[in-house]
Amino acid sequence: MSTSTQGTLEYSHTVGFYGLIGRGFNNPVDLAFDRDGVLYVLNRAGADTEVRMYYKRVTVCTVDQVFLSEFSSGGTGDGQIMWPSSIAIDRDGNVYISDEALQRISIFDKKGTFLGKWGTKGTGAGEFDRPAGLVFDKDDNLLLVDGLNNRIQRFTKDGRHLGSWGRAGTGDGEFNTPWGIAVDLTGNVYVADWRNDRIQKFDEDGHHLGSFGTSGQGDGELRRPSGVAVDQEGNIFVADWGNERVQMLGPDGSFRARYRGESGLSKWSEEYYVPNRDEFEEREKADLEPELDLFPPSTSLGQMDDYLRDESASIEKLFWGPVAVKVDSQGRLYVVETCRHRIQVYSKGH
């Protein structure tokens, strides 16, 4: 379900399904690609109950849904995660994870072996409060979204502070609980300014270049954007979390397309149903696109939020909790759905 003016992406397939451990995802919040295109999917796994600690992990797989491995688990010890927010991979293939609860960055090699950690909670230079989005810049330094400090910080890979920009507010270069971050081919930085309902663009030194989006549900309007990605042509993709959709903007921020989700069964789901035929038969009887008797949309943002959330929860193919977006080297768009434990993949049309 998409509306497009200049959009060139079409639904390709879905990766993943609900899984406690092993093959499958559990409230995924982000993903990253290594140089071979292998996917590292970060699972937050909901409530912090003892039984769910094992579900907090990184799932390693391919876009063709070959399960390769998993690593980490919930906890406070070295190599463990509690409220993981973002994942990024450096040029050496090492994996970095930001953790809101533990207020730190944890580092692993590509096989999941714990290498180290750094980070201190605070408001000073090099300190942070609720670290969120991560991305490596063209010099392989780590840009970090310092959520509650409303700024962006740059670090070396071993945690040495190099600089920062931003402060709380609504003006150019100011933030209100920023979340996602991306870098384009020229080094420009894009930040999902969550509570300001916009995307901000900066040069590599943090000078403000533009702001895209205003609060609302219309084309090009945003409601709590949580993730951002940029393709090789400079098109901007936004995880428009509050509107349960993804939007595609042009390099100048103009609206190009919106996507609500088109998911079918993933390969893993199909394989699950082979030995569980009775469950598949029950699924076939179910109405996965019901006619909804919901409160009709109105001009109230709050009522529209409720309507969109109920619609996404009721219709299986739609995005439900699209929290992160990423674009790979082939121009494919990956949409991470935390509430449906899956990733929808879109590719260029022919």
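The values are calculated or read from the model by the stated rules, or taken from the named source; none is laboratory data. Just so we're clear, the structure is a prediction, and the values are computed from it rather than from any experiment. Positions of Cβ are generated from backbone atoms using ideal geometry, with glycine treated the same way; all protein chains shown enter the neighbour counts. Each accessible area value is taken on the protein alone, full model and side chains, heavy atoms only, with ligands, DNA and RNA left out. Shrake-Rupley method; radii C 1.70, N 1.55, O 1.52, S 1.80 Å.
Looking at this structure, is Arg154 outside any loop (DSSP other than H, G, I, E, B), open to solvent by 30 Å² or more (accessible area, probe 1.4 Å) and either closer than 17 Å to Ala132 by Cα or not basic (Lys, Arg) (or both)? For Arg154, the condition - outside any loop (DSSP other than H, G, I, E, B), open to solvent by 30 Å² or more (accessible area, probe 1.4 Å) and either closer than 17 Å to Ala132 by Cα or not basic (Lys, Arg) (or both) - is met. Restricting the first member to segment 86-101 and to residues that are at negative phi, and the second to residues that are of a type in the set (Asp, Glu) and open to solvent by 20 Å² or more (accessible area, probe 1.4 Å), the beta-carbon pairs closer than 7 Å and six or more apart or on different chains are Ile89/Asp34; Asn94/Asp109.
Across segment 60-77, the qualifying residues are those that are within 14 Å of Asp109 (Cα to Cα) and of a type outside the set (A, V, I, L, M, F, W, C), and the one among them that is surrounded by the fewest Cβ atoms within 10 Å (Cβ to Cβ) is Ser69. Residues in segment 186-211 that are touching a strand residue (DSSP E or B) at 6+ places or on another chain (Cβ under 7 Å), open to solvent by 20 Å² or more (accessible area, probe 1.4 Å) and hydroxyl-bearing (Ser, Thr, Tyr): Ser211 alone. Every condition in (1) part of a loop (DSSP other than H, G, I, E, B); (2) open to solvent by 30 Å² or more (accessible area, probe 1.4 Å) holds for Gly93 except the one numbered (2).
Residues that are in contact with a strand residue (DSSP E or B) (Cβ under 9 Å, 6 or more places away or on another chain), over 14 Å from Val335 (Cα atoms) and free of Cβ contacts under 8 Å to residues at least 60 places away in the same chain within segment 232-256 comprise Asn235, Leu249, Pro251, Asp252, Gly253, Ser254, listed in sequence order. Based on this model, can you work out whether Thr49 counts as without any contact (Cβ under 8 Å) to a residue 40 or more places away in the chain, within 14 Å of Tyr334 (Cβ to Cβ) and surrounded by fewer than 20 Cβ atoms within 10 Å (Cβ to Cβ)? Spelling it out, it is not the case that Thr49 is without any contact (Cβ under 8 Å) to a residue 40 or more places away in the chain, within 14 Å of Tyr334 (Cβ to Cβ) and surrounded by fewer than 20 Cβ atoms within 10 Å (Cβ to Cβ).
Applying the selection to segment 125-170, what residues are touching a His at 6+ places or on another chain (Cβ under 9 Å) and farther than 16 Å from Glu204 by Cβ? Even if it seems obvious, please write down each step before you answer.
Let us first name the residues in segment 125-170 that are touching a His at 6+ places or on another chain (Cβ under 9 Å), namely 125-127, 153-155, 165.
Those that are touching a His at 6+ places or on another chain (Cβ under 9 Å) and farther than 16 Å from Glu204 by Cβ: Ala125, Gly126, Glu127.
Taken across segment 25-41, residues that are open to solvent by less than 40 Å² (accessible area, probe 1.4 Å) and small (Gly, Ala, Ser) do occur, with at least one present. Pro178 fulfils the conditions (1) open to solvent by 10 Å² or more (accessible area, probe 1.4 Å); (2) touching an Asp or Glu at 6+ places or on another chain (Cβ under 7 Å); (3) outside any strand (DSSP E or B); (4) not small (Gly, Ala, Ser) except for a single criterion, (1).
So which strands (runs of 3 or more DSSP E) are wholly in segment 1-79 and hold at least 1 residues that are at pLDDT 95 or above?
On the way: elements: 2-4, 9-15, 28-33, 39-43, 57-61, 67-71.
In segment 1-79, 9-15, 28-33, 39-43, 57-61, 67-71 are the strands (runs of 3 or more DSSP E) which contain 1 or more residues that are at pLDDT 95 or above.
Listed by first and then second residue, the pairs linking a residue in segment 182-198 that is free of Cβ contacts under 8 Å to residues at least 12 places away in the same chain and of a type in the set (Gly, Ala, Ser) to a residue that is assigned to a strand (DSSP E or B) and open to solvent by 30 Å² or more (accessible area, probe 1.4 Å), with Cβ atoms under 8 Å apart and 6 or more places separating them unless they lie on different chains, form an empty list.
Name the residue, out of Tyr259, Tyr273, that is more than 24 Å from Phe202 (Cα to Cα) and in contact (Cβ under 8 Å) with a residue 40 or more places away in the chain. Outline the logic, then answer.
Numbers: Tyr273 fails: in contact (Cβ under 8 Å) with a residue 40 or more places away in the chain.
Just one listed residue meets the conditions, Tyr259.
Residues considered: Val183, Val145. Of these, the only one that is surrounded by 23 or more Cβ atoms within 10 Å (Cβ to Cβ) and aliphatic (A, V, I, L, M) is Val145. The listed residues are Val238, Val246, and the only one of them that is among the β-branched types (Val, Ile, Thr) and under 30 Å from Ile21 (Cβ atoms) turns out to be Val246. Restricting segment 108-142 to residues that are hydrophobic (A, V, I, L, M, F, W, C) and open to solvent by less than 20 Å² (accessible area, probe 1.4 Å) leaves a set whose member that is farthest from Asn94 (Cα to Cα) is Phe128. Evaluate the following for Gly163: is it surrounded by 14 or more Cβ atoms within 10 Å (Cβ to Cβ) and not β-branched (Val, Ile, Thr)? Taking the combined requirement at face value, the residue does not satisfy it.
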